Amino acid sequence: MQDLESLKYPIGEYNPPKTITESLLKEWIEQLATLPQEIVEITTGLSDADLEIPYRPDGWTVRQVVHHLADSHINAYTRVHLTLTEENPTVRPYHEERWAELADGKTEDIQLSIDILKAIHKRLVSLLKTLAINDFDRTYFHPSAGKEFTLGYLVGNYAWHGKHHLAHIRLTLNVNYS
């Protein structure tokens with residue numbers, strides 16, 4: 001059995017590059033574009049029993065991970081819009097672990113969250129592709145972290161976030177991932 005840290009972070013923790021290039025942004029935007037279909041592919045045909053398997057001891061189930069992705073990426077979508085329309089807005093943190101314990105996150109059909117991910121990502125990717133490179137330098141303030149982040153950082157973080165949770169699902173289902 002793997003150690004707890006590798007189960008928590010199967011692709012490692014997000015480690016943003018010192019310089020965010022246009023090439024990196026394009027790569028991250030493409031990863032955001034493909035995430036919903038990757039979720040569809042990895043979850044198609046899963047039974048309710050499969051969806052109830054936690055990705056680690058005391059961790060979320062596959063079902064909760066899928067719902068968490070929708071919850072989290074709704075927040076990302078909102079944060080992008082706030083960052084583009086306000087000067088250094090303060091974003092609102094939320095208790096993701098509490099959201100995951102709500103009835104809809106624990107029991108609802110994952111197709112609801114997949115549909116949300118498809119719509120959110122289509123809008124998000126469409127918007128991100130229209131931005132000038134300097135738009136990714138716009139900042140927002142995250143009160144939980146106590147510091148400012150750039151929009152470029154956010155894009156990279158959420159691209160990583162999708163891959164991070166895909167890895168959780170793949171690991172849980174014993175699917176080889178890279």
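Key figures
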read-out: Among residues of the range 82-125, those that are under 26 Å from Lys18 (Cα atoms) and over 17 Å from the mean Cα position of the chain (by Cα), counted; value: 9
read-out: Residue tally, condition more than 22 Å from His68 (Cβ to Cβ) and either β-branched (Val, Ile, Thr) or not in a loop (DSSP other than H, G, I, E, B) (or both), over the range 133-178; value: 12
read-out: Criterion (under 29 Å from Leu127 (Cα atoms) and not small (Gly, Ala, Ser)) met by exactly one of Glu5, Glu52, Glu13; value: Glu13
read-out: Unmet criterion (only one of (1) free of Cβ contacts under 8 Å to residues at least 24 places away in the same chain; (2) not in a helix (DSSP H, G or I)) for Ala119; value: (2)
read-out: Per-region count, the range 95-132, residues among the hydroxyl-bearing types (Ser, Thr, Tyr) and either modelled with pLDDT under 95 or surrounded by 13 or more Cβ atoms within 10 Å (Cβ to Cβ) (or both); value: 2
read-out: Answer from Val91, Val155 - the residue that is touching a Lys or Arg at 6+ places or on another chain (Cβ under 6 Å) and buried (at least 17 other Cβ atoms within 10 Å of the Cβ); value: Val91
read-out: Qualifying position, being farther than 21 Å from Asp104 by Cα and open to solvent by 30 Å² or more (accessible area, probe 1.4 Å), among Thr44, Thr21, Thr83; value: Thr21
read-out: Test for Glu30: is it modelled with pLDDT of 95 or more, open to solvent by 50 Å² or more (accessible area, probe 1.4 Å), in a helix (DSSP H, G or I) and out of contact with any His (no Cβ under 6 Å at 6 or more places or on another chain); value: yes
read-out: Selection within the range 52-74 - at pLDDT 95 or above and open to solvent by less than 30 Å² (accessible area, probe 1.4 Å); value: Thr61, Val62, Arg63, Gln64, Val65, Val66, His67, His68, Leu69, Ala70, Ser72, His73
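The values are calculated or read from the model by the stated rules, or taken from the named source; none is laboratory data. Computed from a predicted model, the values in this text were never measured in an experiment. All Cβ positions, even for glycine, are placed from backbone atoms using ideal geometry, and neighbour counts span all protein chains on display. Heavy atoms of the whole protein, side chains included, go into the accessibility calculation; ligands, DNA and RNA do not. Shrake-Rupley method; radii C 1.70, N 1.55, O 1.52, S 1.80 Å.
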